[in-house]
Every structure is written in C-alpha cells, then in structure tokens.
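What follows is a single structure, written as structure tokens, with notes after it.
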Amino acid sequence: MLEMPNGKVYTQSLAIFRVIGRMANLIPTDDEGLYLTDKLIADANDVRTASYKCFIWWGATQAACDEYIDTTLPKHLANFERQLKQSTGEYFIGNELTLADVACYDAVMNYGSNRVPGGALGDFPTLKAWVGRVEEYEGIKKYLASEAFEALGKFGPKSLGK
C-alpha cells in the first residue's frame with residue numbers, strides 16, 4: 001500500500017510500481033517503448049515467480065533450489081542478456097533508465113544473483129555491465145547507500161540452502 005501526502009491510497013504492487021514510474025518520468029511514451037516496458041516487467045515477474053518456488057525456509061527442497069541455480073535462473077539471465085544486446089542503448093530501452101530497468105534490476109539482483117553463492121552474472125557480461133550502470137544511477141546509488149535499504153531483509157544464499 002502506498003499513501004500519498006494528499007491522503008490518496010494506492011494498492012497492488014505492480015499498479016503502485018507503474019504510478020511511481022509515471023511520477024518519475026521513467027515510462028516511455030512511444031508504443032514500442034510502452035510495449036517493451038510491459039514485456040520486461042513481465043519477464044522480471046517470471047524470475048520472481050520462479051524464485052518464490054525455491055526458498056528453503058518456505059519448504060522448498062534442496063533439489064528445487066539447485067535446479068533454480070543451475071537451470072532456471074541462467075535461462076532467465078540469458079534472456080535478459082539477449083534483450084540488452086538488442087537494445088539501441090545502454091539500458092533495456094535506449095540510453096535512459098526506465099521503469100523496465102528498475103523491474104529487471106530487482107529481479108536479476110534481489111531474486112537472482114544475490115541469492116547465488118558468488119553471484120550469478122559471470123557468464124553474462126552485458127548484464128553485469130548493465131547492473132553497474134543501474135547502480136551508478138544517482139537516485140539508485142543514493143538508495144542503495146541508505147539506511148532504509150540497509151534495514152531491508154535481503155534474500156541471500158541461505159534462502160537457497162547454501
């Protein structure tokens with residue numbers, strides 16, 4: 001739930017995500033950019049959905065976690081790598097950070113690489129370079145260094161039984 005200073009309340013995570021994206025001018029206005037934004041947000045949600053199935057402390061088996069590390073996550077990371085290579089710029093949709101980049105970053109890092117011992121980006125140099133660019137983006141860099149970010153619970157290798 002998101003409550004705005006004027007008292008307006010928003011619910012549903014993805015709807016809130018898009019509202020904030022519009023407020024921050026992170027959503028393209030052309031049809032192709034809008035399509036790619038929606039598609040990439042859906043791709044990021046596919047990673048999250050797969051990730052939710054392999055949390056040891058939620059009852060997943062070690063075999064399910066190992067399958068995620070060895071097969072499922074690399075398949076999704078390869079998809080992101082391919083799409084980045086097809087971009088006309090340094091981000092998923094050109095040369096400006098968009099809401100699609102934010103969604104993909106969350107999926108790639110928080111539900112992917114940060115959960116794997118030693119990380120998962122070694123075979124994906126384009127994706128790894130993109131992560132570095134996203135983390136250098138002023139607002140994101142500030143947030144990642146904030147106390148609010150530090151206070152968040154994070155999914156690490158223990159969530160995969162490692």
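The values are calculated or read from the model by the stated rules, or taken from the named source; none is laboratory data. Owing to the predicted nature of the structure, the values given are computational and were not obtained by experimental measurement. Using ideal geometry, Cβ is built from the backbone for each residue, glycine included, and neighbour counts are taken over all protein chains shown. The area values use the complete protein model at the heavy-atom level, side chains included, leaving out ligands, DNA and RNA. Shrake-Rupley method; radii C 1.70, N 1.55, O 1.52, S 1.80 Å.
Being open to solvent by less than 40 Å² (accessible area, probe 1.4 Å) and assigned to a helix (DSSP H, G or I) is the filter here, so list the residues in region 80-101 that pass it.
Passing the criteria: Phe80, Glu81, Gln83, Leu84, Leu99, Ala100, Asp101.
Mind checking whether some residue in region 22-42 is of a type in the set (S, T, N, Q), farther than 28 Å from Pro157 by Cα and touching a residue at least 40 places away in the same chain (Cβ under 8 Å)? Reasoning before the result, please.
In the first step, residues of region 22-42 are kept if they are of a type in the set (S, T, N, Q); the result is 25, 29, 37.
When the remaining residues are screened for being farther than 28 Å from Pro157 by Cα, the result is 25, 29, 37.
After this cut, where a residue has to be touching a residue at least 40 places away in the same chain (Cβ under 8 Å) as well, the list is 37.
Yes: region 22-42 contains one or more residues that are of a type in the set (S, T, N, Q), farther than 28 Å from Pro157 by Cα and touching a residue at least 40 places away in the same chain (Cβ under 8 Å).
Could you please let me know if Asp70 is over 17 Å from the mean Cα position of the chain (by Cα) and open to solvent by 70 Å² or more (accessible area, probe 1.4 Å)? Spell out the reasoning first.
Numbers: over 17 Å from the mean Cα position of the chain (by Cα): yes; open to solvent by 70 Å² or more (accessible area, probe 1.4 Å): yes.
Spelling it out, Asp70 is indeed over 17 Å from the mean Cα position of the chain (by Cα) and open to solvent by 70 Å² or more (accessible area, probe 1.4 Å).
Got a number for residues in region 102-124 being charged (D, E, K, R), open to solvent by 30 Å² or more (accessible area, probe 1.4 Å) and closer than 21 Å to Phe155 by Cα? Explain how you work it out, then say what you get.
Within region 102-124, the first condition is being charged (D, E, K, R), and the residues that meet it are 106, 115, 123.
From what is left, the residues that are open to solvent by 30 Å² or more (accessible area, probe 1.4 Å) are 106, 123.
The next check asks that each one be closer than 21 Å to Phe155 by Cα; those that pass are 106.
Qualifying residue count, region 102-124: 1.
Would you confirm, using the coordinates I've provided, whether Leu144 is touching a residue at least 24 places away in the same chain (Cβ under 8 Å) and either farther than 25 Å from Asp31 by Cα or of a type outside the set (D, E, K, R) (or both)? Steps first, answer last, please.
Values: touching a residue at least 24 places away in the same chain (Cβ under 8 Å): no; either farther than 25 Å from Asp31 by Cα or of a type outside the set (D, E, K, R) (or both): yes.
No.
Here are some conditions: (1) surrounded by 11 or more Cβ atoms within 10 Å (Cβ to Cβ); (2) farther than 21 Å from Lys128 by Cα. Val9 meets all but one. Which one does it not meet?
(1)
Across region 39-65, which residue is modelled with the lowest pLDDT among those that are charged (D, E, K, R) and open to solvent by 70 Å² or more (accessible area, probe 1.4 Å)?
Start the filter on region 39-65 by keeping residues that are charged (D, E, K, R), which leaves 39, 43, 46, 48, 53.
Checking the rest, the ones that are also open to solvent by 70 Å² or more (accessible area, probe 1.4 Å) come to 46, 53.
Working: Asp46: 97, Lys53: 94.
Out of the qualifying residues, it is Lys53.
Cβ-Cβ below 6 Å, separation at least six or inter-chain, first residue in region 89-101 and in contact (Cβ under 8 Å) with a residue 24 or more places away in the chain, second small (Gly, Ala, Ser) and open to solvent by less than 10 Å² (accessible area, probe 1.4 Å): which pairs?
If the second residue must be small (Gly, Ala, Ser) and open to solvent by less than 10 Å² (accessible area, probe 1.4 Å), the pairs left are Phe92/Ala100; Ile93/Gly33; Ile93/Ala100; Leu99/Gly21.
Find the residue count for region 27-38, including only residues that are in a helix (DSSP H, G or I) and surrounded by 12 or more Cβ atoms within 10 Å (Cβ to Cβ).
From region 27-38, those in a helix (DSSP H, G or I) are 31-38; that's our starting set.
Adding the requirement that they be surrounded by 12 or more Cβ atoms within 10 Å (Cβ to Cβ) leaves 33-38.
Residues meeting the conditions: 6.
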